[in-house]
Amino acid sequence: MIRIGQESGATWATRRLAKAAAGMAAILLVVWLFRGILKVDRYSYDMLLASFSLIFVGAAFSTRTNSGAARAVSSFLSNVALASILVIILIWLLEWIANAKYFPAQLANAVPEVAIVALIAILGAFAAHMFAPRRGQASVSYPLFLLHAGQGPTVGAAKVAAKKDSAAAVVKKSGKVVGCVVLGDVQASFDTPMGVLNASLAGPVSSAWVPFEGEKLSKGEALKATGKTADQLLGEARGAAPAPVVFKRNSVDLPFVHVEEDEFEAVTEVGPIRVRSDPDGEQVKIGPLTIDSDEQPKDRKRWFVKGAGDTYVRSTDGRLLAKWNGSLLSLEGNSMKLRSGSDGFSYTPAEVMTESPLHTLRVTQDKVSLDTRKFTLKIAGDTVVLRTEEKTRTTDSKDFAGDLRALLTEMAKKQVRDVMEEVPIDLNEMLAATEEVLARHG
């Protein structure tokens with residue numbers, strides 16, 4: 001079974017062990033500080049040695065291993081160097097707190113050796129970093145896997161799934177699986193404030209950071225499931241994916257500051273400091289030293305699905321954008337905008353607005369306005385203002401205002417449904433009903 005973006009069991013276990021080691025080291029240091037009260041003075045050396053050892057154990061288990069062997073070595077040595085520096089600082093600090101004569105001499109005298117370890121680790125991390133492959137473009141590669149029809153992940157307000165059983169190939173960047181290419185159509189449904197909205201993206205479909213899950217296909221299984229060889233499927237996926245598999249890139253290049261962002265990651269460089277972040281975590285580099293965070297967020301705020309042509313679904317920092325079959329959706333929290341052809345609407349908790357080339361209708365709790373080529377109508381409280389090319393008429397009537405407000409509110413709801421269902425807005429019905437109310441109260 002393959003699941004895009006899922007950390008392996010070994011990664012999860014080592015991350016937990018690293019946290020456990022750090023926690024135990026901290027507990028031992030606290031116990032050592034209160035050793036007199038707890039009457040464990042005779043174990044002073046053993047407690048500190050165990051605590052410092054656990055710091056190194058935690059550093060070792062924090063090694064990032066999903067970006068290739070050279071980067072794993074660089075990450076390991078960087079962590080060892082940082083742990084050595086931390087131990088030296090703790091020795092100096094604890095020796096000052098406890099008074100030198102009460103601090104274990106063996107540990108105080110070990111500072112030069114620990115400093116040598118730190119220096120060797122820094123040089124080794126730098127050497128490993130130099131031999132590590134440069135971060136390149138995303139590429140489509142094995143393994144292949146099978147997505148079943150209708151089964152797919154829910155990411156934020158969207159659910160995406162293959163329309164029918166489809167083969168897929170993984171997308172890798174810097175040795176990490178970041179997405180896939182689906183050799184088939186993908187359907188998406190969006191949970192919006194105005195109801196569920198459905199969309200379809202024609203295949204092949206490229207994606208990143210969307211946790212698609214499917215059965216791994218061997219070469220024999222690929223031929224049996226699709227009628228094509230594994231090499232043919234991989235060739236189709238590589239031919240279908242953009243080159244590189246990136247659709248938007250923002251960059252700022254200044255003498256001492258470099259910022260680059262795409263759908264896969266954001267990189268900021270200020271002098272010797274480099275910060276890289278993606279939906280799987282963050283990495284901070286200070287010269288040759290690398291500090292990795294493999295803590296995966298509960299909610300992915302950056303992901304995309306790209307279909308044939310100019311169709312896509314993408315999310316950045318909680319804002320979802322989608323384009324398909326002449327429709328364009330923007331969804332953020334409890335607000336949304338949707339266009340279908342030349343018609344559209346926007347919704348916020350305070351206002352609904354529908355529009356077409358020939359009209360704009362706005363409905364709020366207190367006011368309603370309708371702007372057409374024939375007339376402009378505004379209702380606020382019990383006041384109705386009707387403007388035409390010839391004249392402006394203002395009427396104060398509770399019944400008149402109430403009838404118009406009820407009619408136009410229902411028309412706004414109907415027009416929203418029409419846009420959601422990709423049906424052109426029928427202006428004749430609204431204009432006829434509005435003119436009937438105007439004539440009745442004229």
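Name the single residue, out of those in the stretch 112-123 being surrounded by fewer than 14 Cβ atoms within 10 Å (Cβ to Cβ) and modelled with pLDDT of 90 or more, that is nearest to Ala72 (Cα to Cα).
If we take residues in the stretch 112-123 being surrounded by fewer than 14 Cβ atoms within 10 Å (Cβ to Cβ) and modelled with pLDDT of 90 or more, then Leu119 is nearest to Ala72 (Cα to Cα).
Which of the residues spanning the stretch 310-360 are outside any loop (DSSP other than H, G, I, E, B) and polar (S, T, N, Q)?
Ser315, Thr316, Ser327, Ser330, Ser335, Ser340, Ser346, Thr348, Thr354, Ser356, Thr360
Any residue at all in the stretch 385-408 that's under 30 Å from Asn198 (Cα atoms) and touching a residue at least 12 places away in the same chain (Cβ under 8 Å)?
Checked the stretch 385-408: at least one residue is under 30 Å from Asn198 (Cα atoms) and touching a residue at least 12 places away in the same chain (Cβ under 8 Å).
Please verify whether Ser166 is more than 19 Å from the chain's Cα centre (by Cα) and of a type in the set (Ser, Thr, Tyr), treating the condition exactly as stated.
So Ser166 passes the test.
Say whether the condition of being in a helix (DSSP H, G or I), surrounded by fewer than 20 Cβ atoms within 10 Å (Cβ to Cβ) and not assigned by TED's automatic domain parsing to the domain that holds Ala199 is met by at least one residue in the stretch 379-399.
yes
So, in the stretch 302-330, exactly how many residues are touching a residue at least 24 places away in the same chain (Cβ under 8 Å) and touching an Asp or Glu at 6+ places or on another chain (Cβ under 6 Å)?
Number of matching residues: 1.
Could you check, for the stretch 40-54, whether at least one of its residues is over 25 Å from Lys176 (Cα atoms), in contact with a Pro (Cβ under 7 Å, 6 or more places away or on another chain) and surrounded by fewer than 20 Cβ atoms within 10 Å (Cβ to Cβ)?
Yes, some residue in the stretch 40-54 is over 25 Å from Lys176 (Cα atoms), in contact with a Pro (Cβ under 7 Å, 6 or more places away or on another chain) and surrounded by fewer than 20 Cβ atoms within 10 Å (Cβ to Cβ).
Could you list, in sequence order, all residues of the stretch 20-67 that are in a helix (DSSP H, G or I) and in contact with an Asp or Glu (Cβ under 8 Å, 6 or more places away or on another chain)?
Result: Arg35, single match.
Select from the stretch 341-369 the residues that are of a type in the set (S, T, N, Q) and farther than 17 Å from Met411 by Cβ and list them in ascending order.
The answer is Ser342, Thr348.
Criterion first (modelled with pLDDT under 90 and of a type in the set (D, E, K, R)) does Lys172 satisfy it?
Here the answer is yes, as Lys172 does meet what is asked.
If you take just the strands (runs of 3 or more DSSP E) that sit entirely in the stretch 135-222, which of them hold at least 3 residues that are over 26 Å from Asn325 (Cα atoms)?
Because the criterion is at least 3 residues that are over 26 Å from Asn325 (Cα atoms), the strands (runs of 3 or more DSSP E) in the stretch 135-222 that meet it are 139-147, 166-173, 176-182, 213-217.
The values are calculated or read from the model by the stated rules, or taken from the named source; none is laboratory data. The shown structure was predicted, so the numbers you read here are calculated from the model rather than taken from an experiment. We place every Cβ from the backbone using ideal geometry, glycine too, and count neighbours over all the protein chains shown.
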